[in-house]
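Student: The structure under discussion is supplied below as structure tokens; questions concerning it will follow.
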Amino acid sequence: MTETISELLRCASREAVAVVGGITDDHMCLPTPCAEYRVRDLLDHLFQVVVNFQALAAREPVDFSSTPDRLHGDWRADFETETDRLVAAWSAPGADEGIAGNMGLPAGIVARMALLDLTVHAWDLARATGRDYPAPPQVIPALNELVDTMAATARKMNVFAAPVPAAEDASPFDTLLARTGRDPGWNPAAATH
């Protein structure tokens, strides 16, 4: 049985919440596999994705032009609450049909974009903070479909880097990471030299 996008988002959000919950104040300035982001910046970006993609599910306009600072108060609990809201938003009847919000893209693609960001940025944050990331295997087929469809556009918009070679024995998730331009072997020590 094929899982719905909301079920896939639920699986990805569980792993993302676990990663975010393990981030300490000492991690905030560490580099990440996203060269333009430190841990703090990537956390704020991921928060923005989780909140804005709730609005897109409800066909509301979103603004990605600036990234609010959400890392105050009990931000780890807030992130968990917002990911629950993301799953609920994409669980609404018809959320993955038609055109989503002001992005002008099919809702099914937009939902997979949220899934990709939640999954890949959780990996980025886990790697940056020296931890492993157990990607939920059930999300990988949907993410591969998205990369098949959107990779050229994502590269033009500087969302993906050029693909990197994956090892012959790479896992399906490492192969997906390589397709998005990430080095599956990235580690913080190499980034600081």
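The values are calculated or read from the model by the stated rules, or taken from the named source; none is laboratory data. Computed from a predicted model, the values in this text were never measured in an experiment. Don't worry about glycine lacking a Cβ; one is built from the backbone with ideal geometry, like all the others, and counts go over all protein chains shown. Heads up: the accessible areas ignore ligands, DNA and RNA and are worked out on the full protein's heavy atoms, side chains in. Shrake-Rupley method; radii C 1.70, N 1.55, O 1.52, S 1.80 Å.
Student: At a probe radius of 1.4 Å, what is the per-residue accessible area of Thr119, in Å² to the nearest 10?
Tutor: The accessible area of Thr119 comes to roughly 0 Å².
Student: Just the number: Rg to Rh for the chain, Cα atoms, Kirkwood Rh, two decimals.
Tutor: My calculation puts Rg/Rh at 0.94.
Student: Here's a follow-up. Give me a comma-separated list of calculated 3J(HN,Hα) values for region 158-171, in order, Karplus coefficients 6.51, -1.76, 1.60 applied at θ = phi - 60°, integers in Hz, x for any Gly or Pro.
Tutor: Result, rounded to whole Hz: 6, 7, 10, 8, 4, x, 10, x, 9, 4, 4, 9, 4, 5.
Student: Starting from the amide H of Phe160, placed 1.01 Å from N in the peptide plane, find each other amide H under 5 Å away whose residue is 5 or more places distant or on another chain.
Tutor: Those lying under 5 Å, H to H, from Phe160 are Arg155.
Student: Sorted by mean Cβ packing within 10 Å, highest first, what order do the peptides 111-117, 58-64, 10-16 take?
Tutor: 111-117, 10-16, 58-64
Student: Given the DSSP H assignment, sum -39500 (n - 2.57) over each helix run of at least 4 residues in the chain and divide by its residue total; what's the result at 222 nm in deg cm²/dmol, nearest 500?
Tutor: Rounded to the nearest 500, it is -17500 deg cm²/dmol.
Student: For Leu105, enumerate residues with amide H under 5 Å from its amide H, sequence gap 5+ or separate chain, H modeled in the peptide plane.
Tutor: Result for Leu105 returns Ala100.
Student: Calculate, for the chain, the solvent-accessible area per residue in square angstrom, rolling a 1.4 angstrom probe over the heavy atoms of the protein chains.
Tutor: Result: 49 Å² per residue.
Student: May I pose another question? With θ taken as phi - 60° and the coefficients 6.51, -1.76 and 1.60, list the Karplus ³J(HN,Hα) couplings across region 54-67 in order, rounded to whole Hz; mark glycine and proline as x.
Tutor: Couplings: 5, 5, 4, 4, 8, 6, 9, x, 10, 10, 9, 6, 9, 10 Hz.
Student: Taking all protein chains as present, what is the carbon and sulfur share of the accessible area of the chain, in % to the nearest whole number, probe 1.4 Å?
Tutor: C and S fraction of accessible area: 52 percent.
Student: Which whole-number percent of Cα pairs in region 1-44 have a distance greater than 17 Å?
Tutor: 46 percent
Student: Rank Phe53, Thr67, Thr4 by how far each Cα sits towards the positive end of the charge dipole of region 1-78 (+1 on Lys, Arg Cβ; -1 on Asp, Glu Cβ) and give me just the farthest.
Tutor: Final value for the positive-end residue is Thr4.
Student: Next question, about the same structure. Which value, in debye to the nearest 20, gives the size of the charge dipole of region 63-193 about its Cα centre, when Lys and Arg are +1 and Asp and Glu are -1 at the Cβ?
Tutor: With Lys and Arg at +1 and Asp and Glu at -1, about 300 debye.
Student: Moving on to the next point. Over the chain, what is the relative contact order in percent, taking alpha-carbon pairs closer than 8 angstrom and at least six residues apart?
Tutor: Once normalised by length, the contact order is 27 percent.
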